[in-house]
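*Asks:* Right, I'll just put the structure down here and ask away after.
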């Protein structure tokens with residue numbers, strides 16, 4: 001492999017890590033708010049740093065033991081009701097999807113029932129280690145997508161291991177650099193937290209559909225299909241555009257109301 005080819009492959013791998021790491025970074029920014037305020041930045045950095053190390057370990061394991069992740073663990077044989085063949089890969093993705101849906105719904109419910117919006121910043125903080133553990137766990141779930149996509153981009157997985165590991169390190173460094181900025185933006189613009197939580201909700205559905213597809217899951221005779229990345233990014237784009245238009249329209253209405261009062 002020539003120098004130019006190495007640089008181009010590395011560039012594609014880093015870009016892949018950055019694109020697929022968007023939803024992960026959003027989760028980290030929202031989850032870190034549960035830690036004590038003075039420790040939140042450190043929690044984000046420690047969580048991402050540990051997760052990057054584990055991601056490289058996972059890359060090595062996937063390359064060395066790909067069959068172990070794909071071998072069947074158990075099946076659900078209830079024909080016409082629920083059928084599926086589950087392996088370790090599908091179970092990890094399904095558990096991650098359930099966890100993200102639970103997290104998003106819990107936070108959305110809290111926003112609906114809270115009476116004093118300032119109290120959201122005064123909730124009893126969680127232990128630092130528990131927040132870091134959740135960040136590391138979800139990073140591992142998100143890792144499968146990026147690692148399998150990276151493996152598909154290289155010619156020889158064993159020879160190009162160092163390239164993929166370097167791309168993971170670069171992606172992790174980029175996430176650490178952006179984590180505080182994303183969290184600060186959400187803190188300054190509290191209304192975008194709702195948008196972020198609904199994006200996480202869609203991420204949870206994406207993971208559930210992908211896990212169901214990997215397990216060849218059938219519910220009442222209907223096969224579960226994985227949501228395509230194109231569909232996912234289209235939905236996210238629509239959500240963001242809707243929020244932007246709604247925010248600007250709300251500002252115009254407020255300005256009009258102020259002018260009428262004068």
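*Asks:* Of everything in the range 29-80 that's in contact with a strand residue (DSSP E or B) (Cβ under 8 Å, 6 or more places away or on another chain) and farther than 17 Å from residue 144 by Cα, which residue is surrounded by the most Cβ atoms within 10 Å (Cβ to Cβ)?
*Replies:* Step one: list which residues in the range 29-80 are in contact with a strand residue (DSSP E or B) (Cβ under 8 Å, 6 or more places away or on another chain), which gives 69-77.
Applying the additional criterion that residues be farther than 17 Å from residue 144 by Cα yields 72-77.
Details: 72: 11, 73: 12, 74: 10, 75: 12, 76: 14, 77: 10.
In this case the residue turns out to be 76.
*Asks:* With the condition kept exactly as written, say whether any residue in the range 125-139 is within 19 Å of residue 64 (Cα to Cα) and either at pLDDT 75 or above or in contact with a helix residue (DSSP H, G or I) (Cβ under 7 Å, 6 or more places away or on another chain) (or both). Give the steps one after another, and end with the answer.
*Replies:* If we filter the range 125-139 for residues that are within 19 Å of residue 64 (Cα to Cα), which is where we start, we get none.
No, the range 125-139 contains no residue that is within 19 Å of residue 64 (Cα to Cα) and either at pLDDT 75 or above or in contact with a helix residue (DSSP H, G or I) (Cβ under 7 Å, 6 or more places away or on another chain) (or both).
*Asks:* Could you go through the range 188-205 and let me know if any residue there is farther than 26 Å from residue 33 by Cα and part of a helix (DSSP H, G or I). Spell out how you get there, then give the answer.
*Replies:* As a first pass, look at the range 188-205 and keep what is farther than 26 Å from residue 33 by Cα: none.
The answer is no; no qualifying residue exists.
*Asks:* Please go through the range 224-259 and pick out each residue that is closer than 23 Å to residue 212 by Cβ, touching a residue at least 12 places away in the same chain (Cβ under 8 Å) and assigned to a helix (DSSP H, G or I). Write out each step before concluding.
*Replies:* Our first condition is that a residue be closer than 23 Å to residue 212 by Cβ; within the range 224-259, this holds for 224-236, 239.
Add one more test, that the residue is touching a residue at least 12 places away in the same chain (Cβ under 8 Å), and what stays is 224-227, 232, 235-236, 239.
Within the range 224-259, 232, 235, 236, 239 qualify.
*Asks:* Sticking with this structure for a sec: State yes or no: is residue 94 free of Cβ contacts under 8 Å to residues at least 40 places away in the same chain and in a helix (DSSP H, G or I)? Walk me through it before giving the result.
*Replies:* Numbers: free of Cβ contacts under 8 Å to residues at least 40 places away in the same chain: no; in a helix (DSSP H, G or I): yes.
For residue 94, the condition - free of Cβ contacts under 8 Å to residues at least 40 places away in the same chain and in a helix (DSSP H, G or I) - is not met.
*Asks:* Checking the structure you have, find out if any residue of the range 186-198 is within 21 Å of residue 92 (Cβ to Cβ) and within 18 Å of the chain's Cα centre (by Cα). So that I can check it myself, show each step before the final result.
*Replies:* Here is the first cut: in the range 186-198, the ones within 21 Å of residue 92 (Cβ to Cβ) are none.
Checking the range 186-198: not a single residue is within 21 Å of residue 92 (Cβ to Cβ) and within 18 Å of the chain's Cα centre (by Cα).
*Asks:* Could you tell me which numbered condition residue 34 fails, if it satisfies all but one of (1) at pLDDT below 80; (2) in contact with a helix residue (DSSP H, G or I) (Cβ under 6 Å, 6 or more places away or on another chain)?
*Replies:* It fails just one condition, (1).
*Asks:* Now, a different point. Under 6 Å by Cβ, and 6 or more places apart or on different chains, what pairs join a residue from the range 39-65 that is over 12 Å from residue 135 (Cα atoms) and not assigned by TED's automatic domain parsing to the domain that holds residue 138 with one that is at pLDDT 80 or above and not in a helix (DSSP H, G or I)?
*Replies:* Close Cβ pairs satisfying both conditions: none exist.
*Asks:* Same structure, new question: Of the conditions (1) modelled with pLDDT of 80 or more; (2) assigned to a helix (DSSP H, G or I); (3) surrounded by fewer than 20 Cβ atoms within 10 Å (Cβ to Cβ), residue 12 fails just one. Which one is it?
*Replies:* (1)
*Asks:* Right, something else. Does at least one position in the range 166-176 carry a residue that is over 24 Å from residue 101 (Cα atoms) and at pLDDT below 80?
*Replies:* The answer is no; no qualifying residue exists.
The values are calculated or read from the model by the stated rules, or taken from the named source; none is laboratory data. Note that the coordinates shown come from a computational prediction; the quantities given were computed from them, not determined experimentally. Every residue, glycine among them, receives a Cβ derived from its backbone with ideal geometry; neighbour counts consider all protein chains shown.
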